[in-house]
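Trainee: This structure is in structure tokens; I'll ask about it shortly.
The values are calculated or read from the model by the stated rules, or taken from the named source; none is laboratory data. Computed from a predicted model, the values in this text were never measured in an experiment. Backbone-built Cβ (ideal geometry, glycine too); neighbour counts: all protein chains shown. Surface areas here come from the heavy atoms of the whole protein model, side chains and all, with no ligands, DNA or RNA. Shrake-Rupley method; radii C 1.70, N 1.55, O 1.52, S 1.80 Å.
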Amino acid sequence: MKVTLLSGGTGTPKLLQGFMQLLPQEEIAVVVNTAEDTWLPHGYLSPDIDTVLYTLAGLVNEETWYGLRGDTFATHEQLRRLGFDEFMNIGDLDRATHIMRGELLRQGLTLEQVTRRLCEAFGIKASVLPMTNQELRSVIVTSQGEMDLHEFLIKHRAEPDVLGVRFEGRAEACEASVAAIKEADFVVIGPSNPVTSIMPILSMKEIRASLERRRESVVAVSPIVGNMPVSGPADKFLRAFGVEPTPRGVACLYRDVAAHMVVDESEAELHADGVEVHRTGILMRTPGDKRRLAEFLIKLMKHRH
């Protein structure tokens, strides 16, 4: 059974760990948000791709859900001592991934080709696919001015009011990502931040069109329980996007591309026109939780493609 997940950098990689317990990696594809990518002095940062890569390789730092478990930070600390404003806490081994990616991109390889090289280097058998090979940037409009997501989350600790979010750049979907959606038995929109992780992927016209054509075999997992995000300030972004920060709000946001929505078993009865709502435990605190949720999704979607 082939499954394709749409992923950002936190909630969906946890779910990916559940699928890894049930399916061979060869049957898993992940289409990843790249709207947080940026050039840094040492190379090219693609944070959501890296979290997915490190998750599939069994190396991710599960305390932070970015970077590598057990990494050291000597370079970061030395840069800070030298007075360099490196506000992102980048590990030494993680930095090597950025350096390699940057050099290969400068040589003319696409982000998809570079990601395939990294998969081979890490021994990953799953398909990890950027949403696009071109540049698309998330711009967060806040009460303290415009900033990128890293500045908002790290430098400003997600404290400013979010007034709006827009995506800058003219980007087309990576063809392999579109193919992975078409070829999957079912597609999972993971419980990543709907606005900053999933909407950039859905802003790719070819990806959205492919999902719309097969929405009966697309299921979304709510990143919200009650009216609280499972992690991060997703509620701030949803309100700025004109969406109520509830499972129902997210179901309505995804209505055109996903016929199914999985919410937590604790939720009261909820209705979203055109979306079939299913209940199970969606909090993923243990490997068993992750496996059970992936198993629920497989059983739910098995006869719907």
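Trainee: So is G9 part of a loop (DSSP other than H, G, I, E, B) and open to solvent by less than 20 Å² (accessible area, probe 1.4 Å) or not?
Mentor: It is true that G9 is part of a loop (DSSP other than H, G, I, E, B) and open to solvent by less than 20 Å² (accessible area, probe 1.4 Å).
Trainee: OK, next. Go over the candidates R101, R81, R117 one by one and state the one that is basic (K, R), exposed (fewer than 15 other Cβ atoms within 10 Å of the Cβ) and under 29 Å from A171 (Cα atoms).
Mentor: R117
Trainee: Checking V263 against (1) closer than 30 Å to D37 by Cβ; (2) outside any loop (DSSP other than H, G, I, E, B); (3) open to solvent by less than 10 Å² (accessible area, probe 1.4 Å), only one condition comes out false. Which one?
Mentor: For V263, the failing item is (1).
Trainee: Checking A268 against (1) open to solvent by 30 Å² or more (accessible area, probe 1.4 Å); (2) assigned to a strand (DSSP E or B); (3) of a type in the set (A, V, I, L, M), which test does it fail?
Mentor: (2)
Trainee: A further question on this structure: Read through the list (1) surrounded by 15 or more Cβ atoms within 10 Å (Cβ to Cβ); (2) among the basic types (K, R); (3) modelled with pLDDT under 95, then give the number of the only condition that R214 fails.
Mentor: Of the numbered conditions (1) surrounded by 15 or more Cβ atoms within 10 Å (Cβ to Cβ); (2) among the basic types (K, R); (3) modelled with pLDDT under 95, the odd one out for R214 is (3).
Trainee: Would you confirm whether any residue within segment 173-185 is surrounded by fewer than 16 Cβ atoms within 10 Å (Cβ to Cβ), more than 22 Å from V275 (Cα to Cα) and at pLDDT below 95?
Mentor: No: zero hits.
Trainee: So, one more: Filter segment 25-43 for residues that are β-branched (V, I, T) and either buried (at least 22 other Cβ atoms within 10 Å of the Cβ) or in contact with a helix residue (DSSP H, G or I) (Cβ under 6 Å, 6 or more places away or on another chain) (or both); which is farthest from L104 (Cα to Cα)?
Mentor: I28
Trainee: Need pairs with beta-carbon distance below 7 Å; first residue basic (K, R) and within segment 237-255, second open to solvent by 10 Å² or more (accessible area, probe 1.4 Å); sequence gap 6+ or separate chains.
Mentor: As it stands, the answer is R239/P245; R248/L270; R255/G274; R255/V275, since those pairs meet every condition given.
Trainee: Which members of segment 15-24 meet the condition of being open to solvent by 40 Å² or more (accessible area, probe 1.4 Å) and in contact with a helix residue (DSSP H, G or I) (Cβ under 9 Å, 6 or more places away or on another chain)?
Mentor: M20, Q21, L22
Trainee: Let me ask another. Hey, V114 hits all of (1) farther than 30 Å from E183 by Cβ; (2) free of Cβ contacts under 8 Å to residues at least 24 places away in the same chain; (3) hydrophobic (A, V, I, L, M, F, W, C) but one; which does it fall short on?
Mentor: (1)
Trainee: Being touching a Ser or Thr at 6+ places or on another chain (Cβ under 6 Å) and closer than 16 Å to H98 by Cβ is the filter here, so list the residues in segment 35-45 that pass it.
Mentor: Applying the first criterion (touching a Ser or Thr at 6+ places or on another chain (Cβ under 6 Å)) to segment 35-45 yields 35, 37, 45.
Within segment 35-45, D37, L45 meet the criteria.
Trainee: Take R285 and decide whether it is basic (K, R), open to solvent by 20 Å² or more (accessible area, probe 1.4 Å) and in contact with a strand residue (DSSP E or B) (Cβ under 9 Å, 6 or more places away or on another chain).
Mentor: So R285 does not fit the description; no.
Trainee: Another question, then. Which numbered condition in (1) closer than 24 Å to I28 by Cβ; (2) at pLDDT below 90 is the only one that A240 fails?
Mentor: Answer for A240: the failing condition is (1).
Residues are listed down the side, and each one gets a yes or a no for (1) in a helix (DSSP H, G or I); (2) open to solvent by 70 Å² or more (accessible area, probe 1.4 Å); (3) not hydroxyl-bearing (S, T, Y):
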| residue | (1), (2), (3) |
| --- | --- |
| R248 | yes, yes, yes |
| E276 | no, yes, yes |
| L297 | yes, no, yes |
| H303 | no, yes, yes |
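Trainee: If you don't mind, another one. Output the residues belonging to segment 236-293 that are basic (K, R) and within 27 Å of R157 (Cα to Cα).
Mentor: The answer is K236, R239, R285.
Trainee: Might you let me know whether segment 195-208 holds any residue that is hydroxyl-bearing (S, T, Y), touching a Pro at 6+ places or on another chain (Cβ under 7 Å) and buried (at least 23 other Cβ atoms within 10 Å of the Cβ)?
Mentor: No, segment 195-208 contains no residue that is hydroxyl-bearing (S, T, Y), touching a Pro at 6+ places or on another chain (Cβ under 7 Å) and buried (at least 23 other Cβ atoms within 10 Å of the Cβ).
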